[in-house]
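The values are calculated or read from the model by the stated rules, or taken from the named source; none is laboratory data. Being a predicted model, the structure only gives us computed values, none of them experimental. All Cβ positions, even for glycine, are placed from backbone atoms using ideal geometry, and neighbour counts span all protein chains on display.
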Amino acid sequence: MDKHLKEHIAYLLCVNIERIQSVSGGDISEAYLLETETERFFCKINHGENGYELFKAEKMGLQAIAQSKTISVPNILLCETLEKGGFLVMD
């Protein structure tokens, strides 16, 4: 993860990110575990032309599932644009 993006996410969440670990398993986006002294967050980054729109749709889908109260889903903390693409942070 880019140092500037790490600092931007930390600023938006009002936290000090102490550790970043790359998480494998996805083909479309980069994925990271972000750790503070007391919290853990999951971050997805997509540098594609439609990266932000992809995450916006994912956010809406997760919110719809959460409203149905059928299964537990992560809380979306950030869904933001990048110069190219976007990122999503969940708890």
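Observations, loosely collected:
- When 17, 65, 9 are screened for being assigned to a loop (DSSP other than H, G, I, E, B), modelled with pLDDT of 95 or more and aliphatic (A, V, I, L, M), only 17 passes.
- For residue 31, the requirement of being small (Gly, Ala, Ser), at pLDDT 95 or above, closer than 18 Å to residue 84 by Cα and in a helix (DSSP H, G or I) is not met.
- Residue in region 27-39 that is under 17 Å from residue 1 (Cβ atoms), out of contact with any Gly (no Cβ under 6 Å at 6 or more places or on another chain) and touching a residue at least 60 places away in the same chain (Cβ under 8 Å) present: no
- Candidates 15, 89: the one that is surrounded by 13 or more Cβ atoms within 10 Å (Cβ to Cβ), in contact (Cβ under 8 Å) with a residue 60 or more places away in the chain and of a type in the set (A, V, I, L, M, F, W, C) is 89.
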